[in-house]
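Visitor: Provided herewith is a single structure, encoded as structure tokens, for subsequent inquiry.
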Amino acid sequence: MLVKEVAKLDAEQVLNTYWDGNFPVDVNGIAKKMGVEVFDSILASDISGYIVKRPGEPAEIHVATDHVPTRKRFTVAHELGHFVERTTRAGDDDFGYVEKRGGKRTLQEFYADEFAGHVLMPQKDVEKMGREGKKPFEMAKAFGVSLDAMMVRLRRLHADA
Ligand SMILES: [Zn+2]
């Protein structure tokens, strides 16, 4: 299976299990239900967030406290992607990722971005809004994401069609 297909499958499973069906998708609430703690933290200016998991301890996600809410939400969803990939796919209990500006585009980062897109902007709801003639900025508002993130998501979905 392709990485993007795995990410989609994993994200849909998380939504099915932990999401209450309301928009914007409550990623912090989902993280909490998954046993992951989320903190607003003062981070270096080139870091948007990180996740750390120590053996036998709950995972912690830290997001840059001075970032706008839409960006924080994407960062939490992205880190949750790392959490799901490492814990369910790799069975790992000890890992960490730091999101640094200009960081390397590895398969793990690609997976985490795809996962975040699917969790924050579920495909069937994006498609439904599309059929209703909603504009990208209206969709972005409904999903609680930046217009940039919405445009990327629409392009990715279009590329899959
Ligand atoms: Zn990452």
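Visitor: Pick out the one residue from 133, 91 that is away from the ligand (no atom under 11 Å from the Cβ), in a loop (DSSP other than H, G, I, E, B), farther than 24 Å from residue 1 by Cα and small (Gly, Ala, Ser).
Guide: 133
Visitor: I'm checking my understanding of the structure. Among residues of segment 93-109 that are open to solvent by less than 60 Å² (accessible area, probe 1.4 Å) and without any contact (Cβ under 8 Å) to a residue 24 or more places away in the chain, which one is nearest to residue 15 (Cα to Cα)?
Guide: The extreme case among them is 109.
Visitor: Every residue in segment 33-52 that is loosely packed, with under 14 Cβ neighbours inside 10 Å and part of a loop (DSSP other than H, G, I, E, B), please.
Guide: Selection gives 35, 42, 44, 45, 46.
Visitor: Shifting gears a bit: So residue 27 passes all but one of these: (1) within 15 Å of the ligand (Cβ to nearest atom); (2) of a type in the set (A, V, I, L, M, F, W, C); (3) free of Cβ contacts under 8 Å to residues at least 60 places away in the same chain. Which condition number does it fail?
Guide: (3)
Visitor: Which members of segment 144-159 meet the condition of being surrounded by 17 or more Cβ atoms within 10 Å (Cβ to Cβ) and closer than 14 Å to residue 71 by Cα?
Guide: Within segment 144-159, 144, 145, 149, 150 meet the criteria.
The values are calculated or read from the model by the stated rules, or taken from the named source; none is laboratory data. Since we're looking at a predicted model, the values are computed, not measured. Neighbour counts are summed over all protein chains in view; Cβ atoms, including those assigned to glycine, are modelled from backbone coordinates with ideal geometry. Just the protein is used for accessible areas: all its heavy atoms, side chains included, with ligands, DNA and RNA removed. Shrake-Rupley method; radii C 1.70, N 1.55, O 1.52, S 1.80 Å.
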